[in-house]
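Report on the following structure.
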There are 2 protein chains.
Amino acid sequence: MTANPTTPVRFSPFSDEDSYAIMSNKLASSAKLCPHNNQISCNDCRLGSICLPLAMHEDDIIKLDEIVQRGRPLAKNAHIYRKNDPFTAVYAVRSGSVKTYRLTNDGQEQVTGFYFPGEIIGMDGIGTGHYANAAKTLETAAICEIPFDRLESLSTEIPNMQRHFFQLMSQEITSDQQLITLLSKNSAEERIAALLISISARMVRRKLSGTQFRLPMSRTDIGNYLGLTIETVSRVFSRFKKQNLVDVDGKEISLKDLEALKEIADM
Amino acid sequence: MTANPTTPVRFSPFSDEDSYAIMSNKLASSAKLCPHNNQISCNDCRLGSICLPLAMHEDDIIKLDEIVQRGRPLAKNAHIYRKNDPFTAVYAVRSGSVKTYRLTNDGQEQVTGFYFPGEIIGMDGIGTGHYANAAKTLETAAICEIPFDRLESLSTEIPNMQRHFFQLMSQEITSDQQLITLLSKNSAEERIAALLISISARMVRRKLSGTQFRLPMSRTDIGNYLGLTIETVSRVFSRFKKQNLVDVDGKEISLKDLEALKEIADM
DNA sequence: CAGCACTATTGATCCATATCAACGTAACTC
DNA sequence: GAGTTACGTTGATATGGATCAATAGTGCTG
């Protein structure tokens, strides 16, 4: 969620809308580089603990490093993959944020998720060999590409790696099911409170403020994700503001009463 | 979906509500038995092509046979696993049908899926080591248990097996996302048409009639799954009946205009 | 097979959110 | 920095499905 505080977000150098992202392997960071490819090692990436929650052996991480394509810096609104693109890789968000969405048969968009640094996207493509969703950056973002065929063979070598991917996919299933429940049972206020709480928790996991952040997605995207119209989203934000639960100024948001929001979200 | 036509469904021998299922390894079937354990081999199971869509080598199937616990015949409303039970296995539905459901924090049920013969349940437990859902039979059912630790080690031996499980999980993700879209964007009529079409397609896959079947779940379960009240479900069925799209008599249903239903479901 | 409990249907009313509309505000373009 | 376009807010009204209520089936139990 939110603008990565270390990177300016307003910067949007490419004509980006509806185009695939321009990539570059150069990173501005000064972190230690992996000897074999002069890139930041997964070992040194400060997101490692989110992206790779497993205790992995040093030499297993080196093997992983060998297959990860790092640091594609993408402009805002750049596609990482599109629906029906052949499935070749899963992707880790390194900085910035991403939305995934499905297209309905009549061409409407359904946002299926928002993804922040350390989170993995693209696993929906494994089943059919083609991505079922599209993924698009919500702001300037850097993405690590993990080619799936090599990941698969690595998984047979390193049982921990296989287990880790089973876990990631299973987490995706349970988070989708949480959204199903939210859409099926909860009011507009409950849905929005739940989204705010979820984003807040993910900020905390990244050692950022859980109460002050920038929402990288538009009201339209929020409404779309939560099955609400943009007007309803706007009204709920206004109501929360009036009740002193939050402070909203455009995309900047401050959660002023986390407990009350958790109460509303029923979490 | 529906009563498996080869098995009487009305039979409900156990006091079953809210209890774990009584199991037995005896099967009434006369199919060929696997030499090592006197059970029907996965190879001979007529559901094989659904449950195991991969071309597997003969000896790989034998390895799989060795770990699968077959044929637990369960009474109606028996739990296969409950939310928070330690995750030990995934399960294949062999006959009958199953619903999975989550419990919301305030104790309400949210049905997350209906499962028919050849379909796999329980994969949501991998991530945390505990099932995130509960699974309960909708009618008398037989279930194959596949212990996950042994499946995992088998997957490192047999790359096809690993891939197959990645695929199964990814299919679960995309079907959950389809439900998200349905709940977020579609009207009551569209949701119900979509469910009927989905069940119909799964009947056809099992070489049964796609237009005449028995809905094994209650109206309450349908409504819960689709985010609707039981009254709305009932009214939509009545409307469809009046428009001659379906014939409904309790749980028996006949789809009289599949094309029109597909049109409504937008599929 | 009578009785009871659960499940489904149908009708009347209500309400949360969609829809329609107008206006305000931010941000990108030249 | 004026003009344009997209994005966001707020108000008025409409509506699909929820809720409340009454009745009718269906099937398990003794």
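The values are calculated or read from the model by the stated rules, or taken from the named source; none is laboratory data. In this text, all values refer to a predicted model and were calculated from it rather than measured experimentally. Neighbour counts are summed over all protein chains in view; Cβ atoms, including those assigned to glycine, are modelled from backbone coordinates with ideal geometry. For accessibility, only protein heavy atoms count, side chains too; no ligands or nucleic acids. Shrake-Rupley method; radii C 1.70, N 1.55, O 1.52, S 1.80 Å.
Out of B:THR156, B:THR100, B:THR88, B:THR112, report the one residue that is modelled with pLDDT of 90 or more and either at the interface with chain A (Cβ under 8 Å from one of its Cβ atoms) or out of contact with any Phe, Trp or Tyr (no Cβ under 9 Å at 6 or more places or on another chain) (or both). Even if it seems obvious, please write down each step before you answer.
Values: B:THR156 fails: modelled with pLDDT of 90 or more; B:THR100 fails: either at the interface with chain A (Cβ under 8 Å from one of its Cβ atoms) or out of contact with any Phe, Trp or Tyr (no Cβ under 9 Å at 6 or more places or on another chain) (or both); B:THR88 fails: either at the interface with chain A (Cβ under 8 Å from one of its Cβ atoms) or out of contact with any Phe, Trp or Tyr (no Cβ under 9 Å at 6 or more places or on another chain) (or both).
B:THR112 is the lone residue from the list that is modelled with pLDDT of 90 or more and either at the interface with chain A (Cβ under 8 Å from one of its Cβ atoms) or out of contact with any Phe, Trp or Tyr (no Cβ under 9 Å at 6 or more places or on another chain) (or both).
Yes/no per residue for (1) more than 20 Å from B:HIS130 (Cβ to Cβ); (2) out of contact with any strand residue (DSSP E or B) (no Cβ under 9 Å at 6 or more places or on another chain):
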| position | (1), (2) |
| --- | --- |
| A:ALA142 | yes, no |
| A:ILE146 | yes, no |
| A:PRO159 | yes, yes |
| A:PHE165 | no, no |
| A:LEU195 | yes, no |
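Of the residues A:GLU252, A:GLU259, A:GLU263, only one is open to solvent by 40 Å² or more (accessible area, probe 1.4 Å) and within 12 Å of DNA strand D (Cβ to nearest atom); which? Steps first, answer last, please.
Details: A:GLU259 fails: within 12 Å of DNA strand D (Cβ to nearest atom); A:GLU263 fails: within 12 Å of DNA strand D (Cβ to nearest atom).
That would be A:GLU252, the only listed residue that is open to solvent by 40 Å² or more (accessible area, probe 1.4 Å) and within 12 Å of DNA strand D (Cβ to nearest atom).
If we only count strands (runs of 3 or more DSSP E) wholly inside the range A:64-125, which ones have 2 or more residues that are without any contact (Cβ under 8 Å) to a residue 40 or more places away in the chain? Lay out the reasoning, then the answer.
Working: elements: A:69-74, A:79-81, A:89-95, A:98-103, A:109-115.
Passing ranges, in order: A:98-103.
Would you point out which residue out of A:ALA193, A:ALA201 is at negative phi and surrounded by fewer than 23 Cβ atoms within 10 Å (Cβ to Cβ)? Give the derivation first.
Working: A:ALA193 fails: surrounded by fewer than 23 Cβ atoms within 10 Å (Cβ to Cβ).
Testing whether each residue is at negative phi and surrounded by fewer than 23 Cβ atoms within 10 Å (Cβ to Cβ) leaves just A:ALA201.
Would you point out the residue of the range A:94-125, among those that are open to solvent by 10 Å² or more (accessible area, probe 1.4 Å) and among the small types (Gly, Ala, Ser), that is nearest to B:ASP266 (Cα to Cα)?
Looking at the filtered set, the residue picked out is A:GLY107.
With the requirement that a residue be more than 7 Å from chain A (Cβ to nearest Cβ) and either farther than 28 Å from B:LYS251 by Cβ or hydroxyl-bearing (Ser, Thr, Tyr) (or both), what does the range B:132-144 give you?
B:THR137, B:THR140
If A:GLN177 satisfies every condition in (1) touching a helix residue (DSSP H, G or I) at 6+ places or on another chain (Cβ under 7 Å); (2) open to solvent by 50 Å² or more (accessible area, probe 1.4 Å); (3) at the interface with chain B (Cβ under 8 Å from one of its Cβ atoms) but one, which is the exception?
Among (1) touching a helix residue (DSSP H, G or I) at 6+ places or on another chain (Cβ under 7 Å); (2) open to solvent by 50 Å² or more (accessible area, probe 1.4 Å); (3) at the interface with chain B (Cβ under 8 Å from one of its Cβ atoms), A:GLN177 violates only (2).
Checking B:MET203 against (1) within 16 Å of DNA strand D (Cβ to nearest atom); (2) touching a Phe, Trp or Tyr at 6+ places or on another chain (Cβ under 6 Å); (3) not assigned by TED's automatic domain parsing to the domain that holds B:PRO86, only one condition comes out false. Which one?
Looking at each condition in turn, B:MET203 falls short on (1).
Table: residues versus (1) of a type outside the set (A, V, I, L, M, F, W, C); (2) away from DNA strand D (no atom under 15 Å from the Cβ); (3) within 24 Å of A:VAL93 (Cβ to Cβ).
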residue	(1), (2), (3)
A:SER218	yes, no, yes
A:TYR225	yes, no, yes
A:ARG235	yes, no, no
A:VAL246	no, no, no
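List pairs: first residue in the range B:237-266 and closer than 18 Å to B:ARG202 by Cβ and away from every other protein chain (no Cβ under 14 Å), second residue outside any strand (DSSP E or B) and within 11 Å of DNA strand C (Cβ to nearest atom) anywhere in the structure, Cβ distance under 6 angstrom, at least six positions apart or on different chains.
B:VAL246/B:PHE240; B:LYS251/B:LEU215; B:ILE253/B:LEU215
The rows are residues; the columns are (1) buried (at least 22 other Cβ atoms within 10 Å of the Cβ); (2) among the aromatic types (Phe, Trp, Tyr); (3) assigned to a helix (DSSP H, G or I).
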site: B:GLY127; (1), (2), (3): no, no, no
site: B:ALA132; (1), (2), (3): yes, no, no
site: B:ALA135; (1), (2), (3): yes, no, no
site: B:GLU145; (1), (2), (3): no, no, no
site: B:ARG163; (1), (2), (3): no, no, yes
site: B:GLN167; (1), (2), (3): no, no, yes
site: B:GLU172; (1), (2), (3): yes, no, yes
